[in-house]
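Accompanying notes for the structure given below.
The values are calculated or read from the model by the stated rules, or taken from the named source; none is laboratory data. These figures come from a predicted structure and were not determined experimentally. For neighbour counting, all protein chains shown are included, and Cβ atoms are generated from backbone atoms with ideal geometry for every residue, glycine included. For the accessible areas, the whole protein counts, side chains as well, though only heavy atoms, and no ligand, DNA or RNA atoms are used. Shrake-Rupley method; radii C 1.70, N 1.55, O 1.52, S 1.80 Å.
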Amino acid sequence: MVKLLLEAEADVNMKDSYGKTALHLSAKKGHEAVVKLLLEAEVDVNIEDLRRNTALCQAAKKGHEAVVKLLVGAKANINVRDWFGYGWMSLHWAAKKGHEAVVKLLLEAKADVNMTGNGGWTALHLAAGSGNEAIVKLLVEAEADVNMKDSCERTALHGAAHDGNEAVIKLLLEAKVDVDVKDGYGWTALHWAAQEGHEAAVKLLVEAKVDVSVNNTYMNRRTALHLAAKNGHEAVVKLLVKAEIDVNVKDSWGKTALYLAAEKGHEAVVKRLVEAKADANVKDDFGQTALYLAAKKGHEAVVRLLVDAGADANMKDSCERTALYMAAKNGHEAVVKLLVEAEVDVNVRNRYGNGWTALHRAAKKGHEAVVKLLLEAKADVNMEDRVGKTALDLAAKKGHEAVVKLLKEGSR
């Protein structure tokens with residue numbers, strides 16, 4: 001049918017309402033024979049649709065190798081970009097979609113391997129981000145700039161590390177990529193791999209002598225260890241500790257990796273950091289310790305680890321609240337029991353607030369089991385707050401009958 005229409009002198013460059021010609025449509029569908037007929041009829045091989053897509057771009061995107069070969073042979077412009085889309089050229093699309101044979105054809109035709117699309121992405125960024133080892137290898141062999149940054153100042157290594165693409169990382173390292181380069185947020189590839197828990201990727205980067213001490217300067221000044229600890233990635237923490245990272249380094253809020261792991265209840269990570277001599281008594285900018293946060297959140301196993309590691313259970317935050325106060329406030333019975341057994345001072349006042357003790361706070365909240373534990377630990381049932389209220393007064397006001405009964409019995 002196409003041949004008959006061409007013999008009838010049909011206009012081969014006629015466009016539809018989207019600006020597409022017969023060549024666009026046949027290239028997109030991979031109709032090799034039709035494309036060949038249109039080329040013989042001297043169709044404009046570089047004509048663009050309304051989105052500035054050429055037939056080559058359409059064929060490359062869909063992975064139609066034979067059609068791409070025909071269009072390249074017909075002198076199609078291989079470096080034209082689809083300005084109203086992603087700003088990508090044919091090589092970008094083929095790399096992103098994983099069409100290895102098409103990428104090879106375009107590179108042989110001297111496609112610009114370092115041309116950027118919108119967002120500053122090169123074909124290498126896209127292939128690395130997709131984890132396509134074979135295409136990354138082709139691009140590297142074509143002398144793609146492995147250190148080229150996108151608009152967020154990320155290299156292909158950042159993307160591969162984020163996704164844990166071990167094979168791609170190896171290729172980039174062999175191509176002498178800069179392992180310490182930071183993105184626009186101050187993150188290195190190690191930060192991304194550590195945050196996502198990609199053990200193999202972290203191991204490769206550490207072996208490549210990445211600077212493990214680098215913090216993400218433009219955010220909260222956290223190292224890879226902070227990120228791995230916060231997210232509970234024990235294997236990554238182990239690798240970083242082995243690489244002799246400073247386990248006590250603080251972020252911009254004064255928080256250490258141990259603090260972040262304790263807050264999230266990551267028992268295995270806390271154990272690993274404690275064994276690495278992490279200081280359990282470091283305070284953040286608010287005077288809070290790892291034990292304080294673990295107690296507040298009710299992480300019993302973590303509290304036990306920290307107490308056994310010598311954490312000072314009587315340390316106070318900037319408002320003079322202790323770990324016991326926070327555990328009592330939130331009704332964490334098991335944690336309160338652990339702290340009481342660690343001989344914590346049960347009568348410490350919250351001096352910068354209302355002058356409450358742990359007993360005041362537990363009584364007001366109606367935490368019967370906690371109140372009972374505190375009374376057994378000789379908490380002063382008659383201690384008054386700043387306005388003369390006892391724990392009994394607070395419990396009675398809230399109508400906590402069981403707690404009131406306990407407190408009355410404890411005051412005898």
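Numbers at a glance
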read-out: Shape metrics for the range 192-232, restricted to C-alpha atoms - Rg then Dmax, Å; value: 10.0, 27
read-out: Relative contact order computed over the range 151-293 (Cα-Cα under 8 Å; 6+ residues apart), in percent; value: 17 percent
read-out: Cα-based radius of gyration of the chain once divided by 2.2 N^0.38 Å, which approximates compact folds; value: 1.50
read-out: Karplus-derived HN-Hα couplings along the range 41-48 (A = 6.51, B = -1.76, C = 1.60, θ = phi - 60°), whole Hz, x at Gly and Pro; value: 8, 6, 5, 6, 5, 10, 5, 10
read-out: Cα convex hull volume per residue for the range 170-286 (Å³); value: 84 Å³
read-out: Whichever lysines have a C-alpha closer than 22 Å to that of Lys397, once near sequence neighbours (fewer than 8 apart) are set aside; value: Lys329, Lys364, Lys365, Lys372, Lys389, Lys405, Lys408
read-out: Span per principal axis, largest first, for the Cα atoms of the range 233-377 (Å); value: 48, 26, 21
read-out: Amide H within-cut-off set for Asn350, under 5 Å, with H built and near neighbours excluded; value: Gly355, Trp356, Thr357
read-out: Sparse-neighbourhood loop sites, trypsin sites (Lys or Arg not before Pro) in the range 238-303 - DSSP loop, at most 13 other Cβ within 10 angstrom; value: Lys277
read-out: The chain: relative contact order in percent, alpha carbon pairs under 8 Å with at least 6 residues between; value: 6 percent
read-out: Anchor Lys378: aspartates and glutamates whose Cα lies under 18 Å away (excluding residues fewer than 8 positions away in-chain); value: Glu333, Glu341, Glu343, Asp345, Glu368, Glu409
read-out: Solvent-accessible area, 1.4 Å probe, carbon plus sulfur percent, for the chain; value: 46 percent
read-out: Heavy-atom surface of the chain, accessible at 1.4 Å and reported per residue (Å²); value: 47 Å²
read-out: Paramagnetic reach from Lys110 (point 7 Å along Cα→Cβ, amide N under 20 Å) across the range 134-168; value: 139-145
read-out: From phi via Karplus (6.51, -1.76, 1.60), per-residue ³J(HN,Hα) for the range 150-162 in Hz, x at Gly/Pro; value: 8, 5, 9, 6, 9, 9, 4, 5, 4, x, 5, 5, 4
read-out: Over the range 71-173, relative contact order from alpha-carbon pairs under 8 Å, at least 6 apart, %; value: 22 percent
read-out: Of Gly331, Gly254, Gly19, the one that fluctuates the most in a GNM where the chain has Cα springs shorter than 10 Å; value: Gly19
read-out: Trypsin sites (Lys or Arg not before Pro) restricted to DSSP loop in the range 101-177 with at most 11 other C-beta within 10 Å; value: Lys110, Lys176
read-out: J(HN,Hα) series, the range 114-128, from Karplus relation 6.51 cos²θ - 1.76 cosθ + 1.60, nearest Hz, glycine and proline x; value: 10, 5, 9, x, 4, x, x, 6, 9, 4, 5, 3, 5, 5, 5
read-out: Overall dimensions of the range 357-396 by Cα: Rg and Dmax, Å; value: 9.0, 26
